[in-house]
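*Asks:* Sharing a structure here in structure tokens format.
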Amino acid sequence: MLPPDTYRHRGQRRALVELLRRERGIQDERVLAALGAVPRHWFFEPAFDAHAYQDKAFPIGEGQTISQPSTVARQTELLELQPGHRVLEIGTGSGYQFAVLCQLAGGVQSIEFNPALYERGRARLAALGLPTAGLHLGDGSLGLPTLAPFDAILVTAGAPALPPALLRQLRVGGRLVVPVGGHDPGRQQLLRITREGPTAFVREELGDCRFVPLRGAAGWR
Ligand code: SAM
């Protein structure tokens, strides 16, 4: 059974969306509507429900966090998603970002490295009626070659350098949004890479950010 989405929750969610619009610079109304449509408290244990509509990251177990709403909104906005886009997320975590992406694009895939988080996220998303066929357990630093290419790839953990497999799996015209650099639990630069041709990539540096480390073959050891 779905947890209730009460009048209070809906009011808090509206206030959060207003904060993202007025104070965090999120301009894409489709992205704001997507965050307004997904009850973030569904991705929290009921005891921590009161934290769900604050603009902050929050522990989800296994030393990981659900990203703060302004980060989810910013990274999603940078992908410039269209309904038919094929999207790959690296780092399913709680499943919240996956649920937001599903509001904006059709074929969303997401990979989680940690088996306990994968199982928990899968069970939660199934209970919410979201398409769990797109969830995968594995090393997302290697992407998902069998389902490539993607119009958009979003990495929700900080990589030591641009993961080469993710660049290869980007469609021409596609965008990769990824935090790069820094040490555990360091600071990174948020990058957007746009593939303009088979060997042509445009790199934009979009400011400092702070993410948990990306693990795996192209992550931190
Ligand atoms: N997107 C998540 C959400 O909405 O809750 C938040 C993600 S959390 C900031 C980063 C996640 O990346 C963690 O769940 C972590 O286990 C996962 N992760 C780290 N390295 C990974 C890898 N190589 N492949 C897949 N997932 C990875």
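No lab work stands behind these numbers, since they all come straight from the coordinates. Values in this document were obtained by computation on a predicted structure and should not be read as measured data. Heads up, the Cβs are rebuilt from the backbone with ideal geometry, glycines too, and the neighbour counts pull from every protein chain shown.
*Asks:* Build a GNM of the chain with springs between Cα atoms under 10 Å: which of ASP139, ASP151, ASP49 gets the top mean-square fluctuation?
*Replies:* Between ASP139, ASP151, ASP49, it is ASP49 that shows the largest mean-square fluctuation.
*Asks:* For region 37-54, take each phi angle, set θ = phi - 60°, evaluate the Karplus expression 6.51 cos²θ - 1.76 cosθ + 1.60, and give the result in whole Hz per residue in order, putting x for glycine and proline.
*Replies:* Each residue's phi maps through the Karplus curve to give 8, 9, x, 5, 5, 5, 9, 10, 5, x, 5, 10, 3, 5, 8, 5, 10, 8 Hz.
*Asks:* Using helices alone, I'd like the mean residue ellipticity at 222 nm for the chain: each DSSP H run of four-plus residues gives -39500 (n - 2.57), total over residue count, nearest 500.
*Replies:* Working: 6 runs with 63 residues, N = 221.
One gets -8500 deg cm²/dmol as the mean residue ellipticity at 222 nm.
*Asks:* I need ASP28, ASP55 ordered by Cβ neighbour count within 10 Å, fewest first. Mind showing how you got there, number by number?
*Replies:* On the way: ASP28 18, ASP55 15.
Exposure proxy ranking, most exposed first: ASP55, ASP28.
*Asks:* Near GLU204, within a Cβ-to-Cβ distance under 10 Å, what is the net charge of the other residues, with Lys and Arg +1 and Asp and Glu -1? Before the final figure, lay out the partial values.
*Replies:* Details: positive: ARG175, ARG192, ARG203; negative: GLU205.
Charge balance in the 10 Å sphere: +2.
*Asks:* Could you give me the radius of gyration and the Dmax of region 1-94, taking only the C-alpha atoms into account and expressing both in angstrom?
*Replies:* Gyration radius and largest Cα-Cα distance of region 1-94: 13.5, 37 Å.
*Asks:* Excluding GLU18 itself, what net charge comes from residues whose Cβ is under 14 Å from its Cβ, given Lys and Arg +1 and Asp and Glu -1?
*Replies:* Details: positive: ARG10, ARG13, ARG14, ARG21, ARG22, ARG24; negative: GLU23, GLU29, ASP55.
Result for the local shell: +3.
*Asks:* Search the structure for amide H atoms under 5 Å from the amide H of VAL108, placed 1.01 Å from N in the peptide plane, and list their residues when 5 or more places away or on another chain.
*Replies:* VAL87
*Asks:* When the chain is modelled as a GNM with alpha-carbon springs shorter than 10 Å, which of GLY106, GLY143, GLY95 fluctuates the most?
*Replies:* Highest fluctuation of the listed residues: GLY106.
*Asks:* Then there is this: Using amide H atoms built in the peptide plane, which far-off residues or other-chain residues are under 5 Å from ASP139 H to H?
*Replies:* The list, which skips near neighbours in sequence, is empty: none.
*Asks:* Along the positive direction of the dipole of region 7-210 (beta-carbon charges: Lys, Arg +1; Asp, Glu -1; about the Cα centre), which of PRO69, ILE193, ASN114 reaches farthest?
*Replies:* Value computed over the given set: PRO69.
*Asks:* How big is the antiparallel share of DSSP beta bridges in the chain, given as a percent to the nearest 5?
*Replies:* The antiparallel fraction comes to roughly 50 percent.
*Asks:* Nearest 0.05, what FRET efficiency do LEU206 and ALA127 give at R0 = 35 Å with Cβ-Cβ as r? The partial results should precede the final answer.
*Replies:* Details: r = 35 Å, r/R0 = 0.99.
Approximately 0.50, to the nearest 0.05.
*Asks:* Something else: What does the convex hull of the Cα atoms come to per residue for the chain, in Å³? Write down the numbers at each step before the final one.
*Replies:* Details: hull volume 24.8 nm³, N = 221.
Here the figure is 112 Å³ per residue.
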